[in-house]
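Structure first, then comments.
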Amino acid sequence: MVRPDVPAPAVPAPAVPATTGHLDIERDSVEKGLASLVLTIVELLRQLMERQALRRIDQGDLTDEQVERIGVTLMALEERMVELREHFGLEAGDLNLDLGPLGSLLPRD
C-alpha cells in the first residue's frame with residue numbers, strides 16, 4: 001500500500017555512456033551510399049532521355065544526323081555510368097530502388 005506521507009525510495013538513473021555529439025560513421029560507407037543515390041538519379045534520367053529519343057525517332061521528328069548524335073551521346077553516357085559504378089564498387093542492380101507495392105524504380109532490363 002502506498003502511503004502519501006512516506007517518500008518513494010530513490011531509483012538510480014540508468015548509466016548512459018558519455019557521447020561527443022558526433023555520429024560514428026565510416027567515410028567509405030557514406031561515400032558509397034551517396035554515390036549510389038546520385039548514380040540512381042542519373043540512371044533514371046538517362047533511361048528517360050533514351051525513351052524520349054526513341055519516341056522522337058519513331059515519330060520521324062529527327063534528322064539522320066540528330067539520330068546519330070543522340071545514339072553516340074547515350075552510348076557514351078552509358079559507358080561512363082559503367083565506369084562510375086565500377087569505381088564505387090556498385091552493380092547495376094544496386095541503383096534500383098525497391099518501392100514496395102509500386103515495384104522497382106527502374107525497369108529491369
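Here's the yes/no breakdown for (1) in a helix (DSSP H, G or I); (2) loosely packed, with under 15 Cβ neighbours inside 10 Å:
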residue	(1), (2)
Leu77	yes, no
Glu83	yes, yes
Leu90	no, no
Pro101	yes, yes
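State yes or no: is Arg69 at pLDDT 90 or above and basic (Lys, Arg)?
For Arg69, the condition - at pLDDT 90 or above and basic (Lys, Arg) - is met.
Matching residues to (1) assigned to a helix (DSSP H, G or I); (2) modelled with pLDDT under 90; (3) more than 26 Å from the chain's Cα centre (by Cα); (4) surrounded by 10 or more Cβ atoms within 10 Å (Cβ to Cβ):
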{"residue": "Val2", "(1), (2), (3), (4)": "no, yes, yes, no"}
{"residue": "Val6", "(1), (2), (3), (4)": "no, yes, yes, no"}
{"residue": "Ala13", "(1), (2), (3), (4)": "no, yes, yes, no"}
{"residue": "Leu23", "(1), (2), (3), (4)": "no, yes, no, no"}
{"residue": "Glu43", "(1), (2), (3), (4)": "yes, yes, no, yes"}
{"residue": "Arg46", "(1), (2), (3), (4)": "yes, yes, no, yes"}
{"residue": "Arg56", "(1), (2), (3), (4)": "yes, no, yes, yes"}
{"residue": "Glu65", "(1), (2), (3), (4)": "yes, no, yes, no"}
{"residue": "Thr73", "(1), (2), (3), (4)": "yes, no, no, yes"}
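The values are calculated or read from the model by the stated rules, or taken from the named source; none is laboratory data. Nothing here was measured: the structure is a model prediction, and the numbers come from that model. As a convention, Cβ positions derive from the backbone with ideal geometry for all residues, glycine included, and neighbour counts pool all protein chains shown.
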